Amino acid sequence: MAGHEVDPDSEVLADAAELYGTTTEAETISAALHDAAARTRRTRALAELVEIAATGQFDELLDKRNRPWQRKQAVRG
């Protein structure tokens, strides 16, 4: 991909570099873009889960007997 000229706020760039542990402007901007994209994907996924939950599809998990990870403990206990 071709390079792009950017003029980031130096104070914000320094804060981001500290946050991401980066040492160059390019690394910092790249890390921030990757982080923003990942957060967006997670936000969308969570919104989808909320929509699914609103339909009642997770209601069976409210009954502890329907939780496979707890069923194993009950058998042992």
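Computed values, structure above
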{"read-out": "Tabulated pairs, segment 27-43, first among the small types (Gly, Ala, Ser), second in a helix (DSSP H, G or I), C-beta under 8 angstrom, 6+ apart or interchain", "value": "Ala31/Ala16; Ala31/Tyr20; Ala32/Ala16; Ala32/Tyr20"}
{"read-out": "Hey, Thr24 of a type in the set (S, T, N, Q) and surrounded by 10 or more Cβ atoms within 10 Å (Cβ to Cβ) or not", "value": "no"}
{"read-out": "Close pairs (8 angstrom Cβ cut-off, 6 or more residues apart or separate chains): closer than 13 Å to Leu33 by Cα in segment 10-22, among the aliphatic types (A, V, I, L, M) and modelled with pLDDT under 95 anywhere", "value": "none"}
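The values are calculated or read from the model by the stated rules, or taken from the named source; none is laboratory data. Remember, it's a predicted structure, so these values are computed and weren't measured experimentally. Methodologically, a virtual Cβ is constructed for each residue, glycine included, from the backbone with ideal geometry; neighbour enumeration extends over all protein chains shown.
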